[in-house]
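Working notes, structure below.
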Amino acid sequence: MRDICSHNNLLSLEDALERIHQRLPKIIGEESITLSHALGRVLNQECTAPFDLPPFPNSSMDGYAFHSNDIQQSTFTLKQVGTSWAGKPFSGQVQRGECVRIFTGAVLPAELDSVIMQEQVHSVDAGIQFPSNTQAYENVRHAGEDVKKSDLLLPINKQLSATDIGLLASAGLYEIKVKRKLRIAFFSTGDELSPVGSKLEFGQIYDSNRYTLAALLSNPCYSVNDLGVMPDDKNKIRDSLVSAAKNNDVIISTGGASVGDADFIQEILAEIGQVDFWKLAIKPGKPLAFGLIENCCFFGLPGNPISVIATFQQVVAPALHQLSGLALKKPLRFTAVCKSPLYKKAGRQEFQRGILSQTEPGEFEVISAGKQGSNILSASSRANCYIILNREQENVAIDQTVLVEPFNTYLFEA
């Protein structure tokens, strides 16, 4: 039996993503910020090394610095003539038969080329006794070993991680240019929606979608504007969209994207902008509108909370990353053995919520997180992955292999 919501003209997720990719405008603009505010931002410049990293030869551990020519086949003793501290280099000359106490990160004296860790030597009356198996050239970090002067540190369009910021700081780069933040507005539609914290009247529900979207949009690359709840009034929704499109790069709505008498989003978008597509062959999330209002991208998401989450993660998030200047890579997906039966009708690609685990030998197993209705938030709260079932697939039996996508694992290349 086929899904009654399925139609041959429904757009596949892959085709929708390609259409969006082709239609998204390029966002222009940058700002200069300091490293302390740079986590998660996208570089709008190439960063090169102003000097070698490390800038001087140094020791990789606490021990004794010596010259390899002094190594002997049996134990031997060298005279300690000083100490090289981190930040306070040894300033004297080191002759043959001599060594220097040295600490991690301290400058290696120019006359020396090797370091032995302190646990391998002994202090004796005549100096420092080295073992017979002493190795040459060990425990030394050479100048430019990490990065040479003028080498590329980070490329343009790189989203900055904590490690990236550490790398820039090590090169003394304090202020950098990043792409400006995306300006994103979002709102909910529906006369039935009541603000969280108010008393519910009969027939009303709390507006959970705006809180969900606000959390999903929590990103240092975004400047987010919550427009609140719009009533089921076509004129008010139209006026709000026209106004928001003037000051934002992206508008996201929830609700009003289906075919009910009070669902105006697709109709309004056709009047004031361009509708690129309206319905997708996915579940949850079939009624999803995408288009442009002037140069502002619009995503009209369904009203059911699970549909909002799934369509945001599978459709909107990749678009926002592209607009931010990032190159999108496919999400991490792999197979797992399904340990609970799954119900599905052919017709739409489904993103069922699952609980993924790994056995002691390392095999992946997944079970259903519970009821799969698009209004069931509790199951999604328990879930840690999507179980992805293709468009024509039907019921899944226990021990059948399925495709899974762990949550929050989109990988982007710089």
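Among the residues of region 114-128, what is the count of those that are polar (S, T, N, Q), within 13 Å of T77 (Cα to Cα) and part of a strand (DSSP E or B)?
Count: 1.
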Selection from region 135-175 of residues that are over 30 Å from the mean Cα position of the chain (by Cα) and more than 17 Å from G105 (Cβ to Cβ): Q135, A136, Y137
Meets criteria (in a helix (DSSP H, G or I) and closer than 24 Å to E394 by Cβ) for Q314: yes
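Quick check: anything in region 213-223 in the same structural domain as G303 (by TED's automatic domain parsing), of a type outside the set (A, V, I, L, M) and farther than 30 Å from S36 by Cβ?
Taking every residue of region 213-223 in turn, none turns out to be in the same structural domain as G303 (by TED's automatic domain parsing), of a type outside the set (A, V, I, L, M) and farther than 30 Å from S36 by Cβ.
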Residues being assigned to a helix (DSSP H, G or I), surrounded by fewer than 22 Cβ atoms within 10 Å (Cβ to Cβ) and at pLDDT 80 or above - total across region 245-277: 5
Residue, farthest from P25 (Cα to Cα), within region 278-289, restricted to residues that are in contact with a helix residue (DSSP H, G or I) (Cβ under 6 Å, 6 or more places away or on another chain) and part of a strand (DSSP E or B): I282
Sole exception among (1) buried (at least 24 other Cβ atoms within 10 Å of the Cβ); (2) assigned to a helix (DSSP H, G or I) for I306, by number: (1)
Any pair with Cβ under 7 angstrom, 6 or more apart, that starts in region 304-321 at a residue that is among the β-branched types (V, I, T) and ends at one that is surrounded by fewer than 22 Cβ atoms within 10 Å (Cβ to Cβ) and outside any helix (DSSP H, G or I): I306/S374; I306/N375; I306/I376
Lone qualifier among G300, G347, G325, G370 - being surrounded by 13 or more Cβ atoms within 10 Å (Cβ to Cβ), closer than 30 Å to L269 by Cα and in contact with a helix residue (DSSP H, G or I) (Cβ under 7 Å, 6 or more places away or on another chain): G300
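Go over the candidates I28, I33, I20 one by one and state the one that is part of a helix (DSSP H, G or I) and of a type outside the set (S, T, Y).
Details: I28 fails: part of a helix (DSSP H, G or I); I33 fails: part of a helix (DSSP H, G or I).
Going through I28, I33, I20 in turn, just one is part of a helix (DSSP H, G or I) and of a type outside the set (S, T, Y): I20.
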Residue list for region 322-342, restricted to those being over 28 Å from L24 (Cβ atoms) and either at pLDDT below 95 or of a type in the set (D, E, K, R) (or both): K339
F130, sole failed condition from (1) buried (at least 18 other Cβ atoms within 10 Å of the Cβ); (2) under 49 Å from the mean Cα position of the chain (by Cα): (2)
Pick from region 12-57, criterion hydrophobic (A, V, I, L, M, F, W, C) and farther than 20 Å from N157 by Cβ, ranking: surrounded by the most Cβ atoms within 10 Å (Cβ to Cβ): A16
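Please count how many residues of region 332-360 are in a loop (DSSP other than H, G, I, E, B) and among the hydroxyl-bearing types (S, T, Y).
Total meeting the criteria: 3.
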Test: L332 is in contact (Cβ under 8 Å) with a residue 24 or more places away in the chain and either out of contact with any helix residue (DSSP H, G or I) (no Cβ under 9 Å at 6 or more places or on another chain) or more than 24 Å from G190 (Cβ to Cβ) (or both): yes
Some residue of region 186-201 being at pLDDT 80 or above and assigned to a helix (DSSP H, G or I): no
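The values are calculated or read from the model by the stated rules, or taken from the named source; none is laboratory data. This is a predicted model, so every value here is computed, not measured. Here the Cβ is made from the backbone with ideal geometry for all residues, glycine too, and neighbour counts use every protein chain on show.
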